[in-house]
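Novice: The structure's right below; bear with me while I get my questions together.
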Amino acid sequence: MAPGVLAGSAVSDTTLPDFVPETQQTAANRNAEQLFSLAGTTTVVTGGGRGLGITLARAIVEAGGHAACLDVLPEPSTEEWASLEKVAKRSGLTASYYRCDITQEEELSRVFKEVDDKAKQHNAPLKGTVACAGIQQKVPALDYPAGDFERMLRVNVTGAFLTAKQAARVMVDNGTGGSIVLIASMSGNIANRGLTCTAYNSSKAAVQQMCRSVAQEWGQYGIRVNTLSPGYIRTAMTDALLQAEPEVEKTWMAGALLGRLGAPEDFKAPIVFLLGPGSSFMTGADLRVDGGHCASA
Ligand SMILES: NC(=O)c1ccc[n+]([C@@H]2O[C@H](COP(=O)([O-])OP(=O)(O)OC[C@H]3O[C@@H](n4cnc5c(N)ncnc54)[C@H](O)[C@@H]3O)[C@@H](O)[C@H]2O)c1
């Protein structure tokens, strides 16, 4: 059969675009384990120095991929990093750390190039990127200073965009296609009770729309872009909020249909699914994982 002709198609001359993503060619031949494997790939994780990001990097390594973590922190979280490196070494994989500010495009571009070079040396092309770096701030809207609002958008929106853009540039140049996951939030869809976070919520709604926009531009290169929207997760980000106002936890728990808040580990399976061949027909979509929070009022 000529390349690009759909097998079993009623219309025999139906052709696919010139670029056929690897996942599309092979998805039908993979078993369930292979559909959740990241073997032979490298994935960048921004915000990979702690919290959700470092846990997602661990999931990537556990699924057989190399992970490159980027963060503004001088060093990643000691204990979690040591554990991640151990898992990587055991499997003959690498976990590398780069100090990098995602709002600085030149810096980001340099790091992506370095990761891409190493990925080629490992024969594991850079085919995944998770834009997880983000900031949060609680300020009543009536008092929100313009400078703070702009800083939120700069990190959470522009930073996520620059990350996706750099990743896509590498994937287009290499002709490999790939999967980009932007970490949004259920706050992109709802306004959280008890939280005065207008700038944050606006930034996450922007990330969800950015996903749809770039997905429609980059599908032609075999690049899939999706958002993963978590509900409340106990991390340094939310601990700071709860320490300042412990009573807020009661409001959050009122919407927790499974009787608990999330943990970073709840997102390991979703990220492996979104990065891997199991989601090869999914792009421009949002996967909300929130313990049922948005399902009830
Ligand atoms: N914790 C939650 O309840 C929750 C819920 C929904 C979505 N999220 C999202 O998940 C992501 C991770 O959040 P987390 O809870 O792990 O928070 P966190 O604060 O523990 O981690 C965020 C990381 O991003 C890094 N970062 C911030 N600005 C950066 C920059 N300019 N350049 C590079 N790195 C930068 C921080 O240093 C930090 O390591 C964020 O995008 C957040 O909005 C979190």
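Novice: Can you pull out the residues in the range 257-267 that are over 18 Å from Glu80 (Cβ atoms) and within 12 Å of the ligand (Cβ to nearest atom)?
Specialist: If the condition is that a residue be over 18 Å from Glu80 (Cβ atoms) and within 12 Å of the ligand (Cβ to nearest atom), then Leu261 is the only one that fits.
Novice: Looking at Leu38, Leu84, Leu93, Leu56, which one is within 11 Å of the ligand (Cβ to nearest atom) and either under 14 Å from Ile271 (Cα atoms) or at pLDDT 95 or above (or both)?
Specialist: Leu56
Novice: Residues in the range 171-200 that are more than 16 Å from the ligand (Cβ to nearest atom), open to solvent by 20 Å² or more (accessible area, probe 1.4 Å) and not hydroxyl-bearing (Ser, Thr, Tyr): how many?
Specialist: 4
Novice: Related question: Which of (1) within 13 Å of the ligand (Cβ to nearest atom); (2) open to solvent by less than 40 Å² (accessible area, probe 1.4 Å); (3) out of contact with any strand residue (DSSP E or B) (no Cβ under 8 Å at 6 or more places or on another chain) does Tyr144 not meet, given it meets every other one?
Specialist: For Tyr144, the failing item is (1).
Novice: Let me spell it out: the conditions are (1) modelled with pLDDT under 95; (2) within 13 Å of the ligand (Cβ to nearest atom), and Pro270 meets all of them except one. Which number is the exception?
Specialist: (1)
Novice: Can I ask one more? Is it fair to say Phe161 is under 30 Å from Tyr232 (Cα atoms), free of Cβ contacts under 8 Å to residues at least 60 places away in the same chain, within 18 Å of the chain's Cα centre (by Cα) and open to solvent by 50 Å² or more (accessible area, probe 1.4 Å)?
Specialist: For Phe161, the condition - under 30 Å from Tyr232 (Cα atoms), free of Cβ contacts under 8 Å to residues at least 60 places away in the same chain, within 18 Å of the chain's Cα centre (by Cα) and open to solvent by 50 Å² or more (accessible area, probe 1.4 Å) - is met.
Novice: Based on this model, can you work out whether Thr103 counts as closer than 16 Å to Ile180 by Cα and touching a Gly at 6+ places or on another chain (Cβ under 7 Å)?
Specialist: no
Novice: Let me spell it out: the conditions are (1) under 23 Å from Ser279 (Cβ atoms); (2) part of a helix (DSSP H, G or I); (3) touching a helix residue (DSSP H, G or I) at 6+ places or on another chain (Cβ under 7 Å), and Leu153 meets all of them except one. Which number is the exception?
Specialist: Unmet condition: (1).
Novice: Can you name every one of the strands (runs of 3 or more DSSP E) wholly within the range 43-135 that holds 3 or more residues which are surrounded by fewer than 24 Cβ atoms within 10 Å (Cβ to Cβ)?
Specialist: It comes to 95-99.
The values are calculated or read from the model by the stated rules, or taken from the named source; none is laboratory data. Please read these numbers as outputs of a predicted model, since none were measured by experiment. Positions of Cβ are backbone-derived with ideal geometry, glycine not excepted, and every protein chain shown enters the neighbour counts. Remember, those area values only see protein heavy atoms, side chains included, never the ligands or the DNA or RNA. Shrake-Rupley method; radii C 1.70, N 1.55, O 1.52, S 1.80 Å.
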